[in-house]
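The values are calculated or read from the model by the stated rules, or taken from the named source; none is laboratory data. Just so it is clear, the structure is predicted and the values come from calculations on it, not from any experiment. Every residue, glycine among them, receives a Cβ derived from its backbone with ideal geometry; neighbour counts consider all protein chains shown. Remember, those area values only see protein heavy atoms, side chains included, never the ligands or the DNA or RNA. Shrake-Rupley method; radii C 1.70, N 1.55, O 1.52, S 1.80 Å.
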Amino acid sequence: MNAHKLIDGKAAAGRVLAQVKKEVADLVIDGINPCLAVILVGEDPASQVYVRNKVLRAEESGILSIEHKLSADTSEAKVLNLIHVLNSDPAVHGILLQLPLPKHIEETRALQAIDPRKDVDGFHSENVGGLSQGRDVLTPCTPTGCMYLLRETLGDLRGKHAVVVGRSNIVGKPMAALLLQADCTVTVLHSRSRNPQDLARQADIVIAAVGRPRMIDASWLKPGAVVIDVGINRIQDGDRSRLVGDVDTDDVLSLVSAVTPVPGGVGPMTIAFLMKNTVIAARQQFKAQQPSEAACLSIS
Ligand code: GUN
């Protein structure tokens, strides 16, 4: 049996969330209750499930949550106005705009409207740029969760060759930046890459983030690789539908040293790090409100 090779993302997320719960309790003692505002525009079924899970995890962690559910025909101006209201509300520490948005709302404009200090998704250009410069900024939740799993599995990542399959703004690009920050040698593969399997077979770490069901099979991997499967694809299996990743887990299991399952791998980590980012944002906003030590000294 190779079941021991499956990385338990649910258990790891439980450990992160237990830590988050403690940090929330400490902040509450300081008089600040972290609060996450979630905006959902439209009725996309998968987004509805994600948002419900995010709100549930927030409640379990002691984080206040505010849900703004807007109809699919809400104008861009209304969404921008709501973001501005939340930006200027000192009781709100994190703002999450669930993607995808209806086509008439420009995604970049909406994401750029979020105050970077409240950008718990790490999608604002201020945070994207900060990550690529190695500054201490809010980083995207899914790649941050993947890094946590990699460190738990491999320990020191320095010098490892990591291949990221996929170059999305949400996962592929920030994943590559985080791996680089951890001193990995990073290759990003995409739909125009030549001989992608040959390149991926050189990797110690493979991150699959393409959104194609079970695309990565054993022919992509060298023996002993660690594989992180970010894909969540719904497929029809006979008369029922089920979730599969971008990795053909059954095919790779005997070859790899560890792989994340779908479901129960990366998915729970994304939500756990959304909670972690909300706590980080709340703490930073609280600190920014406190008079600085220098100011206190000059007053006394
Ligand atoms: N839709 C799918 N994944 C994400 C995510 O990580 N953040 C947001 N805001 N929307 C998403």
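The table for this structure:
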{"item": "Residues satisfying the stated conditions in the range 103-124, i.e. β-branched (Val, Ile, Thr) and either in contact with a Cys (Cβ under 7 Å, 6 or more places away or on another chain) or assigned to a helix (DSSP H, G or I) (or both)", "result": "Thr108"}
{"item": "Verdict on Ile271 being among the β-branched types (Val, Ile, Thr), within 16 Å of the ligand (Cβ to nearest atom), modelled with pLDDT of 95 or more and farther than 22 Å from Lys54 by Cβ", "result": "no"}
{"item": "Selection within the range 94-112 - open to solvent by less than 30 Å² (accessible area, probe 1.4 Å), within 13 Å of the ligand (Cβ to nearest atom) and of a type outside the set (A, V, I, L, M)", "result": "Gly94, Gln98"}
{"item": "Filtered residues of the range 139-176 (kept if within 16 Å of the ligand (Cβ to nearest atom), open to solvent by 10 Å² or more (accessible area, probe 1.4 Å) and part of a loop (DSSP other than H, G, I, E, B))", "result": "Thr139, Arg167, Ser168, Asn169, Ile170, Val171"}
{"item": "Residue identified as over 16 Å from Asn277 (Cα atoms), in contact (Cβ under 8 Å) with a residue 24 or more places away in the chain and part of a helix (DSSP H, G or I) among Leu82, Leu27, Leu17", "result": "Leu82"}
{"item": "Residues satisfying the stated conditions in the range 220-237, i.e. outside any strand (DSSP E or B) and open to solvent by less than 50 Å² (accessible area, probe 1.4 Å)", "result": "Trp220, Leu221, Gly224, Ala225, Val230, Gly231"}
